[in-house]
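Visitor: Structure provided below as structure tokens; questions to follow.
The values are calculated or read from the model by the stated rules, or taken from the named source; none is laboratory data. From a predicted model like this one, the values you see are computed outputs, not experimental measurements. Counting neighbours? That spans all protein chains shown, and the Cβs are built from the backbone with ideal geometry, glycine included.
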Amino acid sequence: MADLLLNVDFAPSERPKKKETGNRKHERFLRRRRVLERRGVLKQKQLPVAQPLPPGRGPRKKRGKRQGAAGRGPEKPVSLQPKPDPKATRPAAPVQNGSKGTRFPLKPKTPPVRGPTKKTPKAPNGFPPQPRKLVAIDCEMVGTGPGGRTSALARCSIVSYGGDVLYDQYVRPTAPIVDYRTRWSGVRRQHMANAVPFGKAQREILRILAGKIVVGHAICNDFKALKYFHPQALTRDTSKIPLLNRKGGFPENVAISLKRLTKELLHKDIQVGKSGHSSVEDARATMELYKVVEAEWEQHLMLNPEKE
């Protein structure tokens with residue numbers, strides 16, 4: 001029987017290779033990362049923790065209670081006082097205030113532009129009115145139309161509370177003048193050479209009267225010649241004041257002429273001679289008569305507004 005030969009190897013067999021340890025995998029991972037870093041593929045947040053920070057920036061600090069949103073340390077108090085600016089019209093720049101958003105510095109208070117500092121003391125409503133709100137007016141008329149029976153404005157004078165002349169012009173009527181009425185009006189033909197046309201004069205006069213208390217004697221005739229109606233609450237007619245008549249010794253319900261009232265209360269003579277009336281003189285006399293009863297009259301109007 002043939003011999004059976006067995007080839008038996010009693011040497012220890014090779015063990016299966018173990019898987020690569022974690023250190024080798026980590027080294028290979030780092031090598032791949034460095035390649036990607038050199039190519040610039042990785043984003044900033046994907047960089048390794050050990051990546052050096054950009055120059056000029058220190059290590060991060062732990063956020064405190066008063067740390068800003070950007071992690072730059074505690075907030076500093078922001079001064080709200082604006083820096084002096086040589087140009088007042090240049091707007092102030094906004095101030096960054098950390099996590100609280102943008103604040104604008106307080107603007108310096110600039111006093112508003114006003115008129116003269118000297119103020120006229122205000123009086124109660126209607127008692128008495130301010131002198132700068134008072135003017136007196138007087139007009140002279142000529143005759144137009146058939147027979148010269150239609151009155152037309154030929155001269156107008158306006159004076160202030162103190163008697164200063166605010167307006168004094170001869171006015172050319174729109175219709176031809178038939179009767180100059182020189183004995184009363186004082187208007188002559190030569191005065192019409194440089195007279196102001198009625199339309200222009202009317203605009204200038206109404207601009208002065210607007211918003212003011214207008215004093216006059218039989219003032220309805222003046223407004224009729226001006227083709228204008230002034231507010232009744234702002235009108236003072238010295239021919240219809242019982243107080244004046246009473247002080248002058250005249251019946252209260254009778255219209256007394258300006259000449260007689262001036263003579264009795266002011267002891268002045270006006271409208272004398274044959275050269276005619278002066279509208280400036282008459283306007284000043286009217287204002288002086290108003291001043292005689294100003295306080296009582298305005299108080300009466302204030303207490304009885306429905307009668308005015």
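Visitor: Here are some conditions: (1) under 38 Å from the mean Cα position of the chain (by Cα); (2) closer than 21 Å to GLY143 by Cβ; (3) of a type in the set (Ser, Thr, Tyr). SER257 meets all but one. Which one does it not meet?
Guide: For SER257, the failing item is (1).
Visitor: Kindly indicate whether ALA283 is surrounded by 18 or more Cβ atoms within 10 Å (Cβ to Cβ) and either touching a helix residue (DSSP H, G or I) at 6+ places or on another chain (Cβ under 6 Å) or in contact (Cβ under 8 Å) with a residue 24 or more places away in the chain (or both).
Guide: Values: surrounded by 18 or more Cβ atoms within 10 Å (Cβ to Cβ): yes; either touching a helix residue (DSSP H, G or I) at 6+ places or on another chain (Cβ under 6 Å) or in contact (Cβ under 8 Å) with a residue 24 or more places away in the chain (or both): yes.
Yes; evaluated as a whole, the condition is true for this residue.
Visitor: Could I ask something else about it? Has the stretch 289-303 got at least one residue that is surrounded by fewer than 12 Cβ atoms within 10 Å (Cβ to Cβ) and either farther than 18 Å from GLN130 by Cα or modelled with pLDDT under 90 (or both)? Explain how you work it out, then say what you get.
Guide: Initially, the stretch 289-303 is screened for residues surrounded by fewer than 12 Cβ atoms within 10 Å (Cβ to Cβ), giving 295, 303.
Filter once more, keeping what is either farther than 18 Å from GLN130 by Cα or modelled with pLDDT under 90 (or both): 303.
Checked the stretch 289-303: at least one residue is surrounded by fewer than 12 Cβ atoms within 10 Å (Cβ to Cβ) and either farther than 18 Å from GLN130 by Cα or modelled with pLDDT under 90 (or both).
Visitor: Moving on to the next point. Could you tell me whether ARG246 is in a helix (DSSP H, G or I), free of Cβ contacts under 8 Å to residues at least 12 places away in the same chain and surrounded by fewer than 17 Cβ atoms within 10 Å (Cβ to Cβ)? I'd like the intermediate steps shown before the answer.
Guide: On the way: in a helix (DSSP H, G or I): yes; free of Cβ contacts under 8 Å to residues at least 12 places away in the same chain: yes; surrounded by fewer than 17 Cβ atoms within 10 Å (Cβ to Cβ): yes.
Yes; evaluated as a whole, the condition is true for this residue.
Visitor: In the stretch 133-176, which strands (runs of 3 or more DSSP E) lie fully inside it and hold 3 or more residues that are closer than 18 Å to TYR228 by Cβ and hydroxyl-bearing (Ser, Thr, Tyr)? Before the answer, list the steps.
Guide: On the way: elements: 134-144, 150-160, 165-172.
Of the strands (runs of 3 or more DSSP E) lying wholly inside the stretch 133-176, those with at least 3 residues that are closer than 18 Å to TYR228 by Cβ and hydroxyl-bearing (Ser, Thr, Tyr) span 150-160.
Visitor: Does the stretch 249-293 hold any residues that are in a helix (DSSP H, G or I) and either touching a Phe, Trp or Tyr at 6+ places or on another chain (Cβ under 7 Å) or of a type in the set (Phe, Trp, Tyr) (or both), and which are they?
Guide: If the condition is that a residue be in a helix (DSSP H, G or I) and either touching a Phe, Trp or Tyr at 6+ places or on another chain (Cβ under 7 Å) or of a type in the set (Phe, Trp, Tyr) (or both), then MET287, TYR290 are the ones that fit.
Visitor: Oh, and also: Quick one: would you say ASP269 is crowded, with 16+ Cβ neighbours inside 10 Å and closer than 21 Å to GLU140 by Cα? First the steps, then the outcome.
Guide: Numbers: crowded, with 16+ Cβ neighbours inside 10 Å: no; closer than 21 Å to GLU140 by Cα: yes.
Judged against the criteria, ASP269 is not a match.
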